[in-house]
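The values are calculated or read from the model by the stated rules, or taken from the named source; none is laboratory data. All figures in this text were calculated on a predicted structure; none of them were measured in a lab. So basically every Cβ, Gly included, is an ideal-geometry build from the backbone, and we count neighbours across all protein chains shown. Note: accessible area is taken over every heavy atom of the protein model, side chains too, but ligands, DNA and RNA are not part of it. Shrake-Rupley method; radii C 1.70, N 1.55, O 1.52, S 1.80 Å.
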Amino acid sequence: MRLLLIGAPGAGKGTQAELLAERFGIAHISSGDLLRQHVMDQTSLGQIAKKYVDNGDLVPDGVVMDMLRKPVVAAAESGGYVLDGFPRTVEQAEASFAVAQPLGVEVQAAVHLDVPREELVRRLLARRRGSDDTEAVIENRLQVYLDKTVPLLEYYAGREWMFSVNGAQAAEAVHEGIVARLMKLDGFAARSPREVSPAGD
């Protein structure tokens with residue numbers, strides 16, 4: 001099972017990814033966590049990424065893909081993954097598909113966590129990590145999401161299986177809603193891909 005979570009900052013992607021990973025025994029891969037670890041470790045990739053993160057801007061595609069390649073391939077080989085935070089643009093999705101598809105590790109389904117903007121701002125202000133997370137930086141992050149990431153919804157709707165859930169609900173309700181939808185995809189969540197019957201069987 002290879003899942004992608006799409007949602008604005010504060011939508012609860014990390015929480016839902018952890019719940020799904022535990023439920024189905026797959027790996028939770030967070031581009032944000034990987035980025036923060038590289039920044040903390042002051043790797044060359046981390047140093048490049050830091051100046052973008054500090055401004056609330058998107059880290060260049062090549063940097064993120066370099067960080068994700070090994071974890072994604074390893075997870076796919078051991079049962080699957082739930083990917084949180086990447087791709088964030090249509091261009092990233094196209095580039096990552098070109099790399100992942102020949103390896104058989106591309107995304108199978110995309111889940112959109114839909115949360116009203118005012119609730120996102122409230123959550124982000126409540127959890128801000130430091131003085132850098134000002135209201136202006138938060139607003140910029142949300143605008144970047146609207147401009148760059150929302151077009152992904154149309155991209156995935158035309159390719160992989162995609163659906164939206166109300167991400168403003170309690171975390172457990174959101175999780176159960178996601179699972180219920182996944183179970184409707186020809187045994188997608190219940191059986192391994194090689195056990196799923198051919199279409200029309």
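Within the stretch 21-53, track down each residue that is open to solvent by 70 Å² or more (accessible area, probe 1.4 Å) and closer than 19 Å to G80 by Cα.
Matches in the stretch 21-53: E22, R23, D33.
Could you list all residues from the stretch 125-178 that are open to solvent by 40 Å² or more (accessible area, probe 1.4 Å) and part of a loop (DSSP other than H, G, I, E, B)?
Correct list: R128, R129, S131, D132, T134, V150, G158, R159, A168, Q169, A170.
For the stretch 78-87, give me the residue count where each residue is within 11 Å of the chain's Cα centre (by Cα) and over 15 Å from A157 (Cα atoms).
Here is the first cut: in the stretch 78-87, the residues within 11 Å of the chain's Cα centre (by Cα) are 81-87.
Of the ones still in play, those that are also over 15 Å from A157 (Cα atoms) are 81-86.
Residues that pass the stated criteria total 6.
Which pairs do you get when a residue that is more than 17 Å from E18 (Cβ to Cβ), found in the stretch 158-183, comes within reach of a residue that is in a strand (DSSP E or B) and open to solvent by 50 Å² or more (accessible area, probe 1.4 Å), reach meaning Cβ atoms under 9 angstrom, with the pair 6+ apart or on two chains?
S164/D114; N166/D114; A168/D114
Is it true that some residue in the stretch 24-40 is hydrophobic (A, V, I, L, M, F, W, C), touching a residue at least 60 places away in the same chain (Cβ under 8 Å) and either under 21 Å from S164 (Cβ atoms) or assigned to a helix (DSSP H, G or I) (or both)? Before the answer, list the steps.
Pass one, the stretch 24-40, residues hydrophobic (A, V, I, L, M, F, W, C): 24, 26-27, 29, 34-35, 39-40.
Cutting the leftovers down to touching a residue at least 60 places away in the same chain (Cβ under 8 Å) gives us 24.
If we keep only those that are either under 21 Å from S164 (Cβ atoms) or assigned to a helix (DSSP H, G or I) (or both) too, we end up with 24.
There is at least one residue in the stretch 24-40 that is hydrophobic (A, V, I, L, M, F, W, C), touching a residue at least 60 places away in the same chain (Cβ under 8 Å) and either under 21 Å from S164 (Cβ atoms) or assigned to a helix (DSSP H, G or I) (or both).
Tally the residues that are loosely packed, with under 15 Cβ neighbours inside 10 Å and either outside any helix (DSSP H, G or I) or of a type in the set (V, I, T) (or both), restricting the search to the stretch 70-107. Before the answer, list the steps.
Within the stretch 70-107, the subset loosely packed, with under 15 Cβ neighbours inside 10 Å is 70, 74, 77-79, 91, 94, 98, 101-104.
With the extra rule that they be either outside any helix (DSSP H, G or I) or of a type in the set (V, I, T) (or both), the set shrinks to 78-79, 104.
Qualifying residue count, the stretch 70-107: 3.
Assuming D114 fulfils every condition listed in (1) more than 23 Å from K148 (Cα to Cα); (2) surrounded by fewer than 21 Cβ atoms within 10 Å (Cβ to Cβ); (3) modelled with pLDDT of 95 or more apart from one, which condition is it?
All conditions pass for D114, except number (1).
Residues that are at pLDDT below 90 and more than 22 Å from E118 (Cα to Cα): does the stretch 149-157 have at least one?
Going residue by residue through the stretch 149-157, those that are at pLDDT below 90 are 157.
Pick out the ones that are also more than 22 Å from E118 (Cα to Cα) and you get 157.
So far as the stretch 149-157 goes, yes, one or more of its residues are at pLDDT below 90 and more than 22 Å from E118 (Cα to Cα).
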